Amino acid sequence: MATVKRTPKVVIIGAGVAGITTAVTLQKAGFHDFLVLEKGGDVGGVWYWNHYPGLTCDVPSSLYQFSFAPNPDWSHIFAPGSEIQRYMSDVADKFNLRAHTRFDAEVVAANYTESGWHVTTADGTEYNADFVIAATGVLHHPSMPDIEGLESFEGDVVHTARWDDSLNTRGRRIAVIGTGSTGVQVVSALQREAARITHFVRTAQWVVWAPTGMPQLPLTGAVLRRLPRVNRAVYDTLLWGSGFLADITTKPTWRRRAVQGAVRASLRVQVRDRELREQLTPDYEPFCKRQVVSGSYYRAIRASNAELVNSKIERITPTGIVTADGRHHDVDLLIFATGFKAHNYMRPMNLRGRDGLSIDDAWDKGPRAYCMSAIPGFPNFFTVLGPNSPTASISLQYSSEVTARYIARWLERFRDGEISTVEVTEEATTRFNDGVADALGPTVWNTGCNSWYLTEGGTVDLWPYDRATLTRMLSKPDDRDYHLT
Ligand SMILES: Cc1cc2nc3c(=O)[nH]c(=O)nc-3n(C[C@H](O)[C@H](O)[C@H](O)COP(=O)(O)OP(=O)(O)OC[C@H]3O[C@@H](n4cnc5c(N)ncnc54)[C@H](O)[C@@H]3O)c2cc1C
């Protein structure tokens, strides 16, 4: 019997790493009827939204790139954020993605009915699709602490994720609140020119030293451009080498203990002042939280115009900050490096699957998906870099590419008339998540710190396996795990 060939109509939500990867992967697999809906004014995701001083990639840029768009020309080993954003934009041009993208198009609703998906953007435009792929990121909705008196502050206030490029930072008394990677980068970048910089730190962070300011060696770009195979070998080697991070974070071996010992020793060597060192010493294991990487933070915080304050912030006054020890810190620029509401994923979108099931109800106990990408009750819907993605261990570009290829396999079967709908079963999702929960037991993220990896339900929202397991699990969909019509 002849099969009916159809062209699947796909909506991809988000144009960051995950959205770009998905779009290019679909193109390569022969699917061209896709539309990317992006809330921001350009591609890039976090690299579009974040442009605060000091923003730098904290993995070597030769690894933080798409395998399908190798770039030999990084100015630094750890490239500045603006350069990564330019790279993402160039990739969009190279693969003609802008023609497929609507910018300033925030998806506010997506509803599944018997006739497929109906997607609505904030301006009221409606789009129909056979498949919806959410590539909406985790670090997207800025989180602002509710501190008494904030509205009374008379100086400037900014969240790093919505940086105002017209802000003057030179010669000012700056307060930085928050001590994740961003807080550390901002303090390192602004300390030299600030009149005074005070870093308010609720919980100290381990800082792994790396040459984050080191330029790429001269001629490297020219050589690698002329020798694409060598360039590819560099990427493959870095990808392989990054397996060490997955190893030390997921397995409690001597290797983890050795690296943790080196991180502790690095603090002792770089900060000789005992009092400051005590303030900088966390009470949990290195790598338990999202690891901070910096070659300049300890130098910056040791400087005479810098101060680390561990005392709790009590309230904000028109001219500064009062801490629990009763001190008033005079401030005229208040910078919130307080991160994101990390488990929102595509919410607050009004996402409704089969029989009107809302994503809030489906996830009332926290985000959960099968193999990071499929959610029971949501037919023909997938996530890329969804729940349990390896944000702390494996290249996200690699993970996105593997996931997008997995999704393309379903599109092929739809195109070939083999299926009309695909929906993961509850049993498969439970089995997958039970396995993840067991595997998370011995990981470093489960050693007692309070991090943004933890969901409200107390589970760790990360990938507890190595890259080989990720590749295997997503190599080929298993029909037994899905309801197919
Ligand atoms: C400041 C910062 C620095 C980072 N540095 C590193 C690093 O050095 N190394 C590393 O490995 N990781 C880093 N990360 C983690 C980063 O999140 C990932 O590396 C990766 O960029 C995530 O890509 P994504 O596509 O999943 O999400 P995002 O980059 O967040 O992209 C999601 C996109 O979806 C859009 N979107 C969301 N909701 C909607 C909607 N309703 N409608 C339409 N569009 C929507 C957003 O506007 C955004 O453009 C960093 C994150 C931040 C915030």
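The set of residues in the stretch 12-30 that are buried (at least 21 other Cβ atoms within 10 Å of the Cβ), more than 8 Å from the ligand (Cβ to nearest atom) and outside any helix (DSSP H, G or I) contains only Ile12. Annotation note: Cβ proximity below 9 Å between a residue of the stretch 175-197 that is within 14 Å of Gly81 (Cβ to Cβ) and a residue that is acidic (Asp, Glu) and in a loop (DSSP other than H, G, I, E, B) (sequence gap 6+ or interchain) occurs for Ser181/Asp58; Gln185/Asp58.
Could you check how many residues of the stretch 66-91 are among the hydrophobic types (A, V, I, L, M, F, W, C) and over 12 Å from Ile20 (Cα atoms)?
As a first pass, look at the stretch 66-91 and keep what is among the hydrophobic types (A, V, I, L, M, F, W, C): 66, 68-69, 74, 77-79, 84, 88, 91.
Then keep just the ones that are over 12 Å from Ile20 (Cα atoms); that gives 74, 77-79, 84.
The number of residues fulfilling the criteria is 5.
Among the conditions (1) outside the structural domain of Arg347 (by TED's automatic domain parsing); (2) over 19 Å from the mean Cα position of the chain (by Cα); (3) of a type in the set (A, V, I, L, M), Val46 misses just one, which is (2). Scanning the stretch 86-119 for residues that are small (Gly, Ala, Ser) and at pLDDT 95 or above returns Ser89, Ala92, Ala99, Ala105, Ala109, Ala110, Gly116. The residues of the stretch 31-74 that are among the hydrophobic types (A, V, I, L, M, F, W, C) and outside any loop (DSSP other than H, G, I, E, B), listed by number, are Phe34, Leu35, Val36, Leu37, Val46, Trp47, Trp49.
From the residues in the stretch 344-378 that are more than 16 Å from the ligand (Cβ to nearest atom), not in a loop (DSSP other than H, G, I, E, B) and not aromatic (Phe, Trp, Tyr), which one is surrounded by the fewest Cβ atoms within 10 Å (Cβ to Cβ)? The selected residue is Asp355.
Among the residues here, Pro211 does not qualify as of a type outside the set (S, T, N, Q) and closer than 30 Å to Gly435 by Cα.
For beta carbons closer than 7 Å, sequence separation of 6+ or different chains, a first residue in the stretch 147-172 that is aromatic (Phe, Trp, Tyr) and a second that is loosely packed, with under 15 Cβ neighbours inside 10 Å, the qualifying pairs are Phe153/Pro318. Residue-level check: of (1) aliphatic (A, V, I, L, M); (2) under 30 Å from Thr169 (Cα atoms); (3) over 20 Å from the mean Cα position of the chain (by Cα), Ile77 misses just (3). Within the stretch 105-123, if we keep just the residues that are in contact with a strand residue (DSSP E or B) (Cβ under 9 Å, 6 or more places away or on another chain) and either outside any strand (DSSP E or B) or charged (D, E, K, R) (or both), the residue that is farthest from the ligand (Cβ to nearest atom) turns out to be Ser115. For the stretch 31-47: of the residues being of a type outside the set (A, V, I, L, M, F, W, C) and more than 6 Å from the ligand (Cβ to nearest atom), which is surrounded by the most Cβ atoms within 10 Å (Cβ to Cβ)? Applying the filter and picking the extreme gives Gly44.
Select from the stretch 385-435 the residues that are over 23 Å from Ile12 (Cα atoms) and either surrounded by fewer than 20 Cβ atoms within 10 Å (Cβ to Cβ) or outside the structural domain of Trp363 (by TED's automatic domain parsing) (or both) and write down the one among them that is nearest to the ligand (Cβ to nearest atom). Among them, the one singled out is Asn433. Of all positions in the stretch 75-85, none carries a residue that is closer than 28 Å to Asn111 by Cα, near the ligand (Cβ under 9 Å from one of its atoms), assigned to a helix (DSSP H, G or I) and modelled with pLDDT of 95 or more.
Report yes if Ala161 is away from the ligand (no atom under 16 Å from the Cβ), within 23 Å of Asp58 (Cβ to Cβ) and among the small types (Gly, Ala, Ser), otherwise no.
On the way: away from the ligand (no atom under 16 Å from the Cβ): no; within 23 Å of Asp58 (Cβ to Cβ): yes; among the small types (Gly, Ala, Ser): yes.
No, not satisfied.
Within the stretch 330-349, residues that are free of Cβ contacts under 8 Å to residues at least 40 places away in the same chain sit with their Cβ atoms under 7 Å from residues that are within 13 Å of the ligand (Cβ to nearest atom), at 6+ positions apart or across chains, in these pairs: Arg347/Ile359. If I filter the stretch 53-71 for residues that are of a type in the set (D, E, K, R), near the ligand (Cβ under 9 Å from one of its atoms) and outside the structural domain of Gly366 (by TED's automatic domain parsing), do I get at least one hit? Checking the stretch 53-71: at least one residue is of a type in the set (D, E, K, R), near the ligand (Cβ under 9 Å from one of its atoms) and outside the structural domain of Gly366 (by TED's automatic domain parsing).
Every condition in (1) surrounded by fewer than 17 Cβ atoms within 10 Å (Cβ to Cβ); (2) more than 14 Å from the ligand (Cβ to nearest atom) holds for Phe131 except the one numbered (1).
Scan the stretch 220-275 for residues that are more than 18 Å from Val59 (Cα to Cα), in contact with a Leu (Cβ under 7 Å, 6 or more places away or on another chain) and surrounded by 16 or more Cβ atoms within 10 Å (Cβ to Cβ) and the total you get is 2.
Annotation note: of Thr237, Thr169, the sole residue that is more than 13 Å from the ligand (Cβ to nearest atom) and closer than 30 Å to Ser373 by Cα is Thr237. Taken over the stretch 324-336, the criterion of being surrounded by 18 or more Cβ atoms within 10 Å (Cβ to Cβ) and either outside any loop (DSSP other than H, G, I, E, B) or out of contact with any strand residue (DSSP E or B) (no Cβ under 6 Å at 6 or more places or on another chain) (or both) is satisfied by His329, Leu333, Leu334, Ile335, Phe336.
Any idea how many residues of the stretch 134-157 are away from the ligand (no atom under 12 Å from the Cβ), of a type outside the set (Phe, Trp, Tyr) and in a loop (DSSP other than H, G, I, E, B)? Spell out the reasoning first.
Quick first cut of the stretch 134-157, residues away from the ligand (no atom under 12 Å from the Cβ) only: 144-157.
After this cut, where a residue has to be of a type outside the set (Phe, Trp, Tyr) as well, the list is 144-152, 154-157.
Add one more test, that the residue is in a loop (DSSP other than H, G, I, E, B), and what stays is 144-149, 154-155.
Within the stretch 134-157, residues that are away from the ligand (no atom under 12 Å from the Cβ), of a type outside the set (Phe, Trp, Tyr) and in a loop (DSSP other than H, G, I, E, B) number 8.
Taking the stretch 205-233 as the range and being in contact with a helix residue (DSSP H, G or I) (Cβ under 7 Å, 6 or more places away or on another chain) and within 14 Å of Ile77 (Cβ to Cβ) as the test, the residues that pass are Trp209, Leu224.
The values are calculated or read from the model by the stated rules, or taken from the named source; none is laboratory data. Values in this document were obtained by computation on a predicted structure and should not be read as measured data. Because the Cβ atoms are built from the backbone with ideal geometry, glycine has one as well, and the counts that use them run over all protein chains shown.
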